[in-house]
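First up is the structure itself, then whatever we jot down about it.
The values are calculated or read from the model by the stated rules, or taken from the named source; none is laboratory data. What you are looking at is a predicted structure, and each value in this text was computed from that prediction instead of being measured. Backbone-built Cβ (ideal geometry, glycine too); neighbour counts: all protein chains shown.
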Amino acid sequence: MKIIRTLARLLVLTGIAVGIIMIMGKNKNTFTSEGYIGQSDIVIEDGKMTPEALLAFGRLSDPQVSPDGEYILYGVSYTSTKDNRSCRNLFICKKDGSDRQQLTESGKSISNARWINKGKGIAFIMGGQIWTANIKEKNGRWTVSGLHQISNVPSGISEFKLSPDQSRLMYVSTVKSSVKTPADCYEDLDKAEAYTTDDLMYRHWDHTVMELPHTFIADFSAKSQLSITPETSIDILAGEPETYELPAEPFSGIEQLDWSPDGKYIAYSCRKLTGKKYAFSTNTEIYIYNVENAKATKISTAGGYDTDPVWSPDGGKICWVSMERDGYEADKQRLIVADLNWNTMDENGCPAAENITDVTADFKYNVAGPSWDENCNEIYFASLAEGLEGIFKAVGPDWKIERLTEDNLWYDFGSPFHVSKAEDGSVEMLTTWCSMDFPTELVAVKAKDGVTERKPITTENDHILSQLAGHKTEARYVKTVDGKDMLTWVLYPPQFDPAKKYPSILICLGGPQGTLSQGWSYRWNYRLMASQGYVVVLPNRRGTTAFGQEWTEQISGDYPGLNMQDYLCAAREVKAEPYIDKMAACGASYGGYSVFYLCGTHENTFDAFIAHAGIFNEEHMYMTTEEMWFPNFDNGGLHECEIDPRVGTPEAPVGPAGDGQTFGGIRQGGSPWSNLPKTKRHYELSPHKLVTKWHTPLMVIHGGMDYRVPVDQGMAAYNAAQLMGVPSRLLIFPDENHWILKPQNALMWHREYFKWLDTWCR
């Protein structure tokens, strides 16, 4: 259930799927304005944030610094509720934020824009194909001309990355999977709608796996017409088993591949497993691919995820993010650095990886988005530490880690996308920031001697934010049942008066691993909830990832344990305040599980519940979800049972191995049929076994296309509430998945959400 990659990519791909015609009439150098969506002119009444206002915010993403370092190219998505869609266009500004201009006004989304031709052009994706255009600045105004469609790939292109010399590019498209349709099997059944498979991993989150992502290499010319085709491209996975993915499903993208500085090699992350081994494993590895001979060499050694490879500018090193344990998605995200010996080449013509070092062995927190400085002796990255996402750097050769942003800044910073150093020893980083108060914007951060200066580059949403009434946010430390201090954010309504009574909402975090930081959300938006008159309580209970691995790991194999007591401790402490009236508990995914469990155990702490995409029946969940490593580990199994190394040998038969844990040749220690005590306890306390204790009003929300937590889970919980005589309501979105993506569905979600809370908590 953990969201590994950003929702922004899902929205871009949704926009691509609409079908795009970009050329207007006879003028083949002009973007069509038909369907154009621009910045919202919404007027806020009484300073009160509404769901409509939330959808009106522009969503800024993918900043790219020009080759001369003077300009930033970025995209902004605007949403039309009437048209029930979003559209993304390009903007440009100087790196200090001045001279902001809109570069395109297309009615169809533009993504993955990159500078080409020494800053005189751009390449981008539109309609699932790659286009190029010239850009020119004159008298302070930028113009776009000379559009060329340079790819013609029938299955479409979702992302691309240019080689350093821009003579080649790699792009992500799809190939047919092993899942069969009627047309594949029976020529006379041309109207049949079905599919058949002999594999376990036949769906991901919201789609049947009819196609698999692969990455291809092709020559690049900015003015070539339709030159990039399947026939002119090389599949990096050519000759490998057809079930391999590059990048891995369901959320990773082109960041899993990186060109070497000379463009002769590609580093990539791939999980080269098939069948049940694939379903039960998180073991992606880092490979170096020789472009000239199409051969690859594995260099990573960890058992879990190895992702985000990045070459140093001189080609002498490579770094990546790594998890040590297989089958565990929330293991510590370490930063690994390897030296590359170009004097020692293997049989594939790839350099030897030496001195593989865990840079973060003594670092408590997770690493995200590493990037090298130009001198190759510093690596910059973002990390969630004690509930706040800051910017750090690791300094070689000893790889000492320093925090660059102060630990008391209530912002979430992204990893820098550009770093420069001044003569006074300061470091200027161009990055993103957001908080519970405002969505993502670009910011320049100047760091020196442990102190930062921050200057906003973009203020895309100030015209909306300036209309909103202010509110107070508090960092509160709640004592847990075992005497630990738990960071709990509390947001208060605008014009909060402690002499008055307010309803409140306690948020149960999904994941189950994750963090309630200063991030901005377009679904569970805490400023919106506070603006609607609620005190919002956000406990960073056991299982959250910004407080060290011990705090994170309690939750795995112990869903009903201390983390549930953490919720109750936070709820009871805040509810004891004289200004708190009634309180609801709300959450999605694992947060939905938490709601269902608390329904039967809260002892009148809460007055109402809302569960979105929650797990209700753990036994059924194990047999209907995908990515089996997730329930296997989190239900208590993989701590004691690793994937059986004997699988595929005469010692490991296809059937049970006789230990009560190995079935079908795979160790399933977290399964309902496991004999592990921890696992048995987990299933014995599944929420569906507590329904006789339910009595509190419950609303259940689910997406009909949610394959991670199938819709049957929500429907069963609602049916149980009805059978128990509990006041309850069911909200189903037939064409949505684990998230609610369509704008009008999002408005429906919010209106029903607040209607239910207002009914039972006011």
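When Asp358, Asp314 are checked against the criterion of being in contact with a Cys (Cβ under 7 Å, 6 or more places away or on another chain), more than 22 Å from Arg542 (Cβ to Cβ) and surrounded by fewer than 18 Cβ atoms within 10 Å (Cβ to Cβ), Asp314 stands alone in meeting it. Is there a residue being outside the structural domain of Val595 (by TED's automatic domain parsing) and either assigned to a helix (DSSP H, G or I) or touching a His at 6+ places or on another chain (Cβ under 6 Å) (or both) anywhere in segment 666-677? Within segment 666-677 (the criterion being outside the structural domain of Val595 (by TED's automatic domain parsing) and either assigned to a helix (DSSP H, G or I) or touching a His at 6+ places or on another chain (Cβ under 6 Å) (or both)), the answer is yes, since at least one residue qualifies.
Each residue in segment 275-311 was checked for being out of contact with any Cys (no Cβ under 7 Å at 6 or more places or on another chain) and either over 18 Å from Asp346 (Cβ atoms) or in a helix (DSSP H, G or I) (or both), and 16 pass. Picking from residues in segment 108-126 that are assigned to a loop (DSSP other than H, G, I, E, B) and modelled with pLDDT of 95 or more, the one that is surrounded by the fewest Cβ atoms within 10 Å (Cβ to Cβ) is Lys120.
When the residues of segment 661-695 are filtered to those that are of a type in the set (Val, Ile, Thr) and in contact with a helix residue (DSSP H, G or I) (Cβ under 6 Å, 6 or more places away or on another chain), the one that is nearest to Arg762 (Cα to Cα) is Val691.
Given Thr552, Thr544, Thr601, Thr605, which one is in contact (Cβ under 8 Å) with a residue 12 or more places away in the chain, more than 25 Å from Asp706 (Cα to Cα), of a type in the set (S, T, N, Q) and surrounded by 22 or more Cβ atoms within 10 Å (Cβ to Cβ)? After applying the criteria, what remains is Thr552.
If the condition is being surrounded by fewer than 21 Cβ atoms within 10 Å (Cβ to Cβ) and either assigned to a strand (DSSP E or B) or without any contact (Cβ under 8 Å) to a residue 60 or more places away in the chain (or both), then segment 318-333 contributes only Glu324.
Considering only residues in segment 158-199 that are touching a residue at least 40 places away in the same chain (Cβ under 8 Å) and hydrophobic (A, V, I, L, M, F, W, C), the one that is farthest from Ile116 (Cα to Cα) turns out to be Val175.
Residue pairs whose Cβ atoms lie under 6 Å apart, separated by 6 or more positions or on different chains, with the first residue in segment 83-95 and in a loop (DSSP other than H, G, I, E, B) and the second of a type outside the set (S, T, N, Q) and crowded, with 22+ Cβ neighbours inside 10 Å, are Lys95/Ile72.
Among the residues of segment 533-554, those identified as in a loop (DSSP other than H, G, I, E, B) and in contact with a Leu (Cβ under 8 Å, 6 or more places away or on another chain) are Tyr534, Asn540, Arg541, Arg542, Gly543, Thr545, Ala546, Phe547, Gln554.
Pro351 passes all but one of (1) within 30 Å of Leu54 (Cβ to Cβ); (2) touching a residue at least 60 places away in the same chain (Cβ under 8 Å); which number fails? Tallying (1) within 30 Å of Leu54 (Cβ to Cβ); (2) touching a residue at least 60 places away in the same chain (Cβ under 8 Å), Pro351 fails exactly one: (1). If the condition is being in contact with a Lys or Arg (Cβ under 7 Å, 6 or more places away or on another chain) and either part of a loop (DSSP other than H, G, I, E, B) or not hydrophobic (A, V, I, L, M, F, W, C) (or both), then segment 334-348 contributes Asp339, Asn348.
Look at segment 201-225: where a residue is more than 24 Å from Asp706 (Cα to Cα) and a partner is aromatic (Phe, Trp, Tyr), sitting 6+ places away or on another chain with Cβ atoms under 6 Å, you get Phe216/Tyr171. Being among the acidic types (Asp, Glu) and either modelled with pLDDT of 95 or more or not in a loop (DSSP other than H, G, I, E, B) (or both) is a property that does not hold for Glu374. Restricting attention to segment 485-513, and to residues there that are hydrophobic (A, V, I, L, M, F, W, C) and part of a loop (DSSP other than H, G, I, E, B), which single residue is surrounded by the most Cβ atoms within 10 Å (Cβ to Cβ)? Taking the candidates together, the pick is Leu509. Residues in segment 465-484 that are surrounded by 14 or more Cβ atoms within 10 Å (Cβ to Cβ) and out of contact with any Gly (no Cβ under 9 Å at 6 or more places or on another chain): Leu465, His471, Thr473, Arg476, Val478, Thr480, Lys484.
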